[in-house]
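Enquirer: Here it is: the structure, laid out below.
The values are calculated or read from the model by the stated rules, or taken from the named source; none is laboratory data. Every value quoted in this text rests on a predicted model; they were computed, and no experiment measured them. Every residue, glycine among them, receives a Cβ derived from its backbone with ideal geometry; neighbour counts consider all protein chains shown.
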Amino acid sequence: MNKNNIEKIFYQFNKLNPNPKTDLKFKTKFELLISVILSAQATDKSVNKVTKELFKNYNTPEKISKLGESRLKKKIKTIGLFNEKAKNIILTSKILKSSYNSRVPSQFKELIKLPGVGRKTANVVLNEGFGKPTIAVDTHIFRVSHRLNLSDGKTPDLVENDLIKVIPDKYKKKAHMWLILHGRYTCVARSPKCNECIIKKYCSYRNE
């Protein structure tokens, strides 16, 4: 895809939604981190339902650590992979408390050291929590990027590298959320809503 069309795609995204927001509900960077860890292979809606209750009393590394793994499991048992997630959240909370003064680190290399935090999770936290121009490639972004010919990468890492290269700098901070929301609500996996798409003229997928 040529640069002019890429510029037009993100211009349209910005025009429609100048302040895109994640569907996850959080008030602090720590709450964001825990929410993103929980969201792996789970819907934001299901995570919000759990964290709405969890964060009422357990919204800091100290409080989560004191809660303990077994009790945390009971509070998040409706979330997929809750056993592993509970273990990672407790370990991460203890590390934040002991090594980072209970603060979520703002550097990628530090975030990915935390249990349960991979590249995607770290990039979401950096983008949503710290306002950095990172792009976390989930299934939605992977699909949309290929349909728009923004990338032909075969792995999330390769797609991420391509997007960082081709997306204009002025749009990079918000591009992550625009692409996710577009994939979640318009460019869905099955029967994409091409008739409702604001960028369909720049997309070859609709003609396949």
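Enquirer: When you scan the stretch 62-82, do you find a residue that is over 22 Å from S98 (Cβ atoms), free of Cβ contacts under 8 Å to residues at least 24 places away in the same chain and within 21 Å of the chain's Cα centre (by Cα), even just one?
Expert: yes
Enquirer: When residues of the stretch 92-110 are filtered for being under 18 Å from F26 (Cα atoms) and either among the small types (G, A, S) or without any contact (Cβ under 8 Å) to a residue 40 or more places away in the chain (or both), how many remain?
Expert: 4
Enquirer: Any chance the stretch 100-114 includes a residue that's basic (K, R), under 23 Å from D23 (Cα atoms) and in a helix (DSSP H, G or I)?
Expert: no
Enquirer: Hey, another quick one. Taking the options E110, E53, name whichever one is exposed (fewer than 14 other Cβ atoms within 10 Å of the Cβ) and among the acidic types (D, E).
Expert: Criteria check complete, one pass: E53.
Enquirer: Which residue out of N123, N83, N88 is part of a helix (DSSP H, G or I), under 21 Å from F10 (Cα atoms), assigned by TED's automatic domain parsing to the domain that holds N48 and of a type in the set (S, T, N, Q)?
Expert: N123
Enquirer: Here's a follow-up. Assess whether N59 counts as being surrounded by 14 or more Cβ atoms within 10 Å (Cβ to Cβ) and assigned to a loop (DSSP other than H, G, I, E, B).
Expert: Here the answer is yes, as N59 does meet what is asked.
Enquirer: Quick check on this structure: which one of G118, G183, G153 is in contact with a Lys or Arg (Cβ under 7 Å, 6 or more places away or on another chain) and within 30 Å of G80 (Cα to Cα)?
Expert: Going through G118, G183, G153 in turn, just one is in contact with a Lys or Arg (Cβ under 7 Å, 6 or more places away or on another chain) and within 30 Å of G80 (Cα to Cα): G183.
Enquirer: Would it be correct to say that V36 is surrounded by 14 or more Cβ atoms within 10 Å (Cβ to Cβ), under 30 Å from C197 (Cα atoms), outside the structural domain of T139 (by TED's automatic domain parsing) and not basic (K, R)?
Expert: Yes, satisfied.
Enquirer: Name the residue that is nearest to the chain's Cα centre (by Cα), counting only residues in the stretch 85-121 that are farther than 20 Å from E160 by Cα and of a type in the set (S, T, Y).
Expert: Taking the candidates together, the pick is T92.
Enquirer: Then there is this: Can you name the residue in the stretch 146-190 that is among the acidic types (D, E) and surrounded by fewer than 21 Cβ atoms within 10 Å (Cβ to Cβ) and, of all such residues, is nearest to the chain's Cα centre (by Cα)?
Expert: Out of the qualifying residues, it is D157.
Enquirer: From the set of residues in the stretch 191-208 that are hydroxyl-bearing (S, T, Y) and outside any helix (DSSP H, G or I), which is surrounded by the most Cβ atoms within 10 Å (Cβ to Cβ)?
Expert: Checking each candidate, the answer is S204.
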